[in-house]
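Read the structure below first, then the notes.
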Amino acid sequence: MPVNILMPALSPTMEKGNLAKWLKKEGDKVKPGDVIAEIETDKATMEYEAIDEGTLAKIVVPEGTQDVAVNQLIAVLAEEGEDVKAAAAGAEKGAAPAAKPAVAPAKPASTVTPSPPPSPQMGRGSPTEPVAPPCINFIETCSSPAGGWRVISFKR
């Protein structure tokens, strides 16, 4: 079964890169660790090593191509004993859909309505004394319309 070689993500934030140069040609035998291509990111040019053994059956993305999406099919490798021409033909059938990056469907607008703002709370039963805003796990002066409050310790 042919092995699809995909555009690698060379950094956690990489979304696309440039295929600068192929170092192996179609029909060349490769083994794990062989450098097969040079990939450019916005910050560096890095070598791309083969991880499987076989024959490079088809180069789908030519060298010099800009803005190749991560995980896009860039080449096909025929495994040892596999028909190289059949693997290359399979790449040509699958190349068109892989060239288009999938677009995620738009999410529907959220139907959650925000809660209304809380009504002012009154403390200690007095209609004029508001409750102080909470001070969590430290000592701090909290202000309120009735004046400053010193909270010595408050934990939730």
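Here are some residues: Gly94, Gly81. Which one is out of contact with any helix residue (DSSP H, G or I) (no Cβ under 6 Å at 6 or more places or on another chain), modelled with pLDDT under 90 and part of a helix (DSSP H, G or I)?
Checking each option against the conditions leaves just Gly94.
Which ones in the stretch 11-26 are more than 12 Å from Ala75 (Cβ to Cβ) and out of contact with any Lys or Arg (no Cβ under 9 Å at 6 or more places or on another chain)?
Answer for the stretch 11-26, where residues must be more than 12 Å from Ala75 (Cβ to Cβ) and out of contact with any Lys or Arg (no Cβ under 9 Å at 6 or more places or on another chain): Pro12, Thr13, Met14, Glu15, Lys16, Gly17, Asn18, Ala20, Lys21.
Within the stretch 42-77, work out how many residues are under 22 Å from the mean Cα position of the chain (by Cα) and either buried (at least 16 other Cβ atoms within 10 Å of the Cβ) or small (Gly, Ala, Ser) (or both).
Summing the residues that are under 22 Å from the mean Cα position of the chain (by Cα) and either buried (at least 16 other Cβ atoms within 10 Å of the Cβ) or small (Gly, Ala, Ser) (or both) in the stretch 42-77 gives 10.
The values are calculated or read from the model by the stated rules, or taken from the named source; none is laboratory data. Computed from a predicted structure; not experimentally measured. Glycine also receives a Cβ, built like all others from the backbone with ideal geometry; neighbour counts cover every protein chain displayed.
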